[in-house]
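*Asks:* Shown below is the structure under consideration.
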């Protein structure tokens, strides 16, 4: 009887150890950006859950040289419309105003800064989104690159203009 209890206890400890090992793996997601009709903007965006923040890494080409471009997570992971409008509005699960820092949409991200050849790289840690399940999860959402810079003040979307590229965020 004691041997059976001891084996059961050891099995439970081993199982708990295995479960904690798998939960320590980072949650990852990514999106390929495809150009909307009449544009040449393409790229790749990755998302890595790091504790209470998500590290967003983007590489985008085909932008307007030496210009900033709005960059947002949108409500719907649908790029079928050709102009990116099927991705709907900014992802905003908590009903916050559009902006930068502090109170803002979950989908608000820093502008992309294109170099003289129209390429942009961005790495930023964001605290209002998650890759893991929950109300702020970005998996299944859309990601959009806009033609103009986000002014971070115009409501509800920052006056960033047309949608140059669209992607769907998928769990890895």
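The numbers here are math on the coordinates, done by the rules we state, and not lab data. What you see is a predicted model, and the numbers here were worked out from it, not measured in a lab. Neighbour counts run over all protein chains shown; Cβ positions are idealised from the backbone, glycine included.
*Asks:* Say R0 is 22 Å: what FRET efficiency, to the nearest 0.05, do residue 61 and residue 81 get from their beta-carbon distance?
*Replies:* Computed FRET efficiency for residue 61 and residue 81 comes out at 0.45.
*Asks:* Given points 7 Å out from each Cα along the Cα-Cβ axis, report the residue 94 to residue 25 separation in nanometres with one decimal.
*Replies:* Distance between label points: 2.9 nm.
*Asks:* In percent, what relative contact order does segment 100-142 have, based on Cα pairs under 8 Å that are 6 or more apart in sequence?
*Replies:* Contact order relative to length: 25 percent.
*Asks:* Right, something else. For the chain, what is the per residue volume of the convex hull drawn over the alpha-carbon atoms, in cubic angstrom?
*Replies:* Taking the convex hull of the Cα positions in the chain, it is 117 Å³ per residue.
*Asks:* Okay, next question. Please give the length that would be gained between residue 155 and residue 170 if that part of the chain were fully extended, namely 0.36 nm times their separation in residues minus their C-alpha to C-alpha distance (nm, one decimal).
*Replies:* Working it through step by step, the gained length comes to 2.6 nm.
*Asks:* Enter the angle in degrees (range 0 to 90, nearest 10) between the Cα long axis of helix 2-23 and the first principal axis of the Cα atoms of the chain, meaning the one along which they spread out most.
*Replies:* Between the helix axis and the principal axis of the chain, the angle is about 10 degrees.
*Asks:* Gain in length, residue 127 to residue 115, computed as 0.36 nm per residue apart minus the alpha-carbon separation, to one decimal in nm?
*Replies:* So the extension gain works out to 1.6 nm.
*Asks:* Okay, next question. Tell me, 169, 144 in order of fewest to most beta-carbon neighbours within 10 Å?
*Replies:* Fewest to most other Cβ atoms nearby, the residues stand as 169, 144.
*Asks:* Thinking of segment 120-169 as a set of Cα atoms, what percent of all their pairs are more than 15 Å apart?
*Replies:* 63 percent
*Asks:* Using Cβ contacts closer than 10 Å as the measure, can you line up 154, 80 from fewest to most?
*Replies:* Fewest to most other Cβ atoms nearby, the residues stand as 80, 154.
*Asks:* Follow-up. I'd like to compare 102-114, 32-44: which one has the highest average count of other Cβ atoms within 10 Å, and what's the full order after that?
*Replies:* 102-114, 32-44
*Asks:* Find the centroid of the Cα atoms in segment 29-94 and in segment 143-162, then give the distance between the two in whole Å.
*Replies:* Using only Cα atoms, the two centres lie 12 Å from each other.
*Asks:* Per residue of the chain, what 222 nm ellipticity follows from adding -39500 (n - 2.57) for every DSSP H run with n ≥ 4, rounded to the nearest 500?
*Replies:* -4500 deg cm²/dmol, from helical runs alone.
*Asks:* Now for a different question. Can you tell me which of 117, 86, 137 moves the most in a GNM of the chain? Springs connect C-alpha atoms under 10 Å apart.
*Replies:* Top of the fluctuation ranking is 117.
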